[in-house]
Amino acid sequence: MRKVWKVGKGFGKKRLEDAIINSSKGDTILIDPGTYDFPSGYNIFELEIKGTGNQPGDVVFNGFFSLQNNGKLYLSNLILSAPPKMNALHITGNSSLFLKSVIVHGEETGKYPTVWCVNSYIKVTSSEIYYNQDSPYGIFIQEGSKLEMAATVADSVYASQSQVYLNNAEIRVILYLENESFAESAGILELPRLNPSKYALTVYSGSRANFTLVHGAEYHMEANVDEGLLIIDKIKLGENNRFDIYHNDQSTVEINGERVFVHNTDEQVLQTNMPQDTNQQEIDGEEQKTEETDLTEAESSRSETDREEQNTEYTPIQERKTALEQLNDMYGLKELKKQIKQFVNTIKFNQSRKKKGLKTTSLNLHSIFLGNPGTGKTTVARLLGNVLYEEGVIPNDNFVEVTRKDLVGLHIGETAPKTQAVLDRACGGILFIDEAYTLHSSSDNDFGTEAVETILKFMEDNRDEMMIIFAGYFDDMQNFLSMNSGLASRIPNEFVFDDYTSMEIAEIGYLDIRDQDYVVDEKKYKEVVMNQYARTIDESNARWVRNFNQKLMITMANRVIETGSEDTQTILNEDLDDLVGNSGEDKEQRIEEPIRSFNWVRRNKRICTSFR
């Protein structure tokens, strides 16, 4: 049972130290307004800490938090200031940090990043993260980490072998990408470059950056691209500003905007959009257009009969995609696809040796699927089963999906035969046990243990002929695996389903809308979805956006019926505005509003100054 702790002065309230030390996994701590000092910091396993004041400055933490080994920390509505020579937040070991309406100040020397993250996940919403402006390491992420920032201000972000997703964000000094990192933005990305001695943007060593709209303030903008890719769809500069981008031959730069100058440092040649080049492009375009027109006229001289015969003769028959192709066509899931490809390649290799009469290693197909709702676990399980069937690894293509209620009986003696019946039905194919962790219980009278024991025996006897997949959430599945000493060793294959980013959610939603024969402004739709997803606490991924689309269609349907419109296909921008409550607002104002509304420090200079 999760517990709520109250910290402050008064009856029934605890000291912060007592609440943190005595809390259990998943508990919530509510903090009364005041200042709390803990220079020695706290190591958090899984906890939510909320300030109860009217604004973040009402609750002030002077200390640091550390997360490791799948730790989770949710912080909201407070200020956190790092002690000298310490990170404010230190995250490692596949941990997760969530910040909402939080202001974080790093230590003053610039040697210890405000946020240090290794192989972990950070989601920051409506927050501000400050650091020494002479250092690029305000938020430091590396080794497969992922950072999502929405409606957030940060002094600097450094990424190495990691991913950065920005949605209406402001990076005041520098965004630094290296070692095959990736950065993407939606809405407005503000790059004011408050430290003129540093590039506003650096893209190094195989890294990629793709931004929709970049705003530069009155300061001179500069970027450096070295063996990287930089794409900016649109840039808006201050009246007297210019943007210089320096790159080498091994780099690609694609950018549109006035007063933008691209320099190839290997050639030392200034490349600009000269007027004569523009005219030449127009002339070439005219010539090409004329050639195309002549070709079109020649083709049109053919009779309708000829064209019909040609169409009949050359219309290709659309072949059905293989299961592996369908799996690869699924949006996102990049790392998971790599895992599955290795898994399938190993199976193919084994099959090839078997055909040649060589000795083969007996492969255990049983697997565990780890991930939150809506990440595609069931869909991938079905397709993986089809892949194994098409490769001749399993004899049947039947897919049986069950939960606890399909395996566990209510009375003594019911569970084993009930579970055995499910196993017999799935034999030769795929058995997918969703929310498998529900089979685990601390009660001695629970029959889930009996179901697991029945499954274990069947797994061992049939490991070459079928695949049993146990699916569920990360932490809960660890408890499940610990319920029987032989369980983990019999499930050697682990597949991790990462949460979708807000950009991936928007793309999934857009494809879903299009597949249902609706038409919508793609850019407007994605901006709205990303903004809404950044604000929600619902982590159901693709399920969330499907529900969003359903609400959008209901909104559209009501408008069509009430106005008597005959267009039942086009979703209007006003439908999106009505759904999210933005009707009547200026578009650019809506984009900038999240940053302005949560730019608490700038509206409260007196409070902010005392923590600089």
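Tabulated data
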read-out	value
Subset of region 1-41 [within 33 Å of the chain's Cα centre (by Cα), at pLDDT below 90 and among the basic types (Lys, Arg)]	ARG2, LYS3, LYS25
Enumeration of residues in region 211-220 that are modelled with pLDDT under 90, part of a strand (DSSP E or B) and either of a type in the set (Phe, Trp, Tyr) or open to solvent by 10 Å² or more (accessible area, probe 1.4 Å) (or both)	THR212, LEU213, HIS215
Test: residue in region 422-433 that is within 29 Å of the chain's Cα centre (by Cα), modelled with pLDDT of 90 or more and not β-branched (Val, Ile, Thr)	yes
Selection within region 350-396 - aliphatic (A, V, I, L, M), part of a loop (DSSP other than H, G, I, E, B) and surrounded by 15 or more Cβ atoms within 10 Å (Cβ to Cβ)	LEU363, LEU365, VAL393, ILE394
Members of region 520-570 that are under 30 Å from GLY371 (Cβ atoms) and not in a helix (DSSP H, G or I)	VAL520, THR536, ILE537, ASP538, GLU539, SER540, ASN541
Listing of helices (runs of 4 or more DSSP H) fully contained in region 397-501 that carry 1 or more residues being aromatic (Phe, Trp, Tyr), open to solvent by less than 70 Å² (accessible area, probe 1.4 Å) and free of Cβ contacts under 8 Å to residues at least 40 places away in the same chain	448-461
Where a residue in region 1-25 is more than 21 Å from GLN68 (Cα to Cα) and aromatic (Phe, Trp, Tyr) and its partner, wherever it lies, is open to solvent by 70 Å² or more (accessible area, probe 1.4 Å) and not in a strand (DSSP E or B), with Cβ under 8 Å and at least six apart	TRP5/ASN22
Positions within region 52-80 being open to solvent by 10 Å² or more (accessible area, probe 1.4 Å) and more than 24 Å from ASP475 (Cβ to Cβ), in sequence order	THR52, GLY53, ASN54, GLN55, PRO56, GLY57, ASP58, ASN62, ASN77
Strands (runs of 3 or more DSSP E) fully within region 93-210 counting 3 or more residues that are more than 17 Å from SER81 (Cβ to Cβ) and either in contact with a helix residue (DSSP H, G or I) (Cβ under 6 Å, 6 or more places away or on another chain) or open to solvent by 10 Å² or more (accessible area, probe 1.4 Å) (or both)	96-105, 121-125, 146-150, 163-178, 182-190
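One line per residue, one yes/no per condition, for (1) touching a Leu at 6+ places or on another chain (Cβ under 7 Å); (2) at pLDDT 90 or above; (3) surrounded by 12 or more Cβ atoms within 10 Å (Cβ to Cβ); (4) closer than 21 Å to ILE188 by Cβ:
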| site | (1), (2), (3), (4) |
| --- | --- |
| LEU552 | yes, yes, yes, no |
| ALA557 | no, yes, yes, no |
| GLU574 | no, yes, yes, no |
| GLU592 | no, no, yes, yes |
| PHE598 | no, no, yes, yes |
| ASN604 | no, no, yes, no |
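The values are calculated or read from the model by the stated rules, or taken from the named source; none is laboratory data. Because the structure is a prediction, the values reported are computed rather than measured. Every residue, glycine as well, gets a Cβ built from its backbone with ideal geometry; the counts of neighbours run over all protein chains shown. Heavy atoms of the whole protein, side chains included, go into the accessibility calculation; ligands, DNA and RNA do not. Shrake-Rupley method; radii C 1.70, N 1.55, O 1.52, S 1.80 Å.
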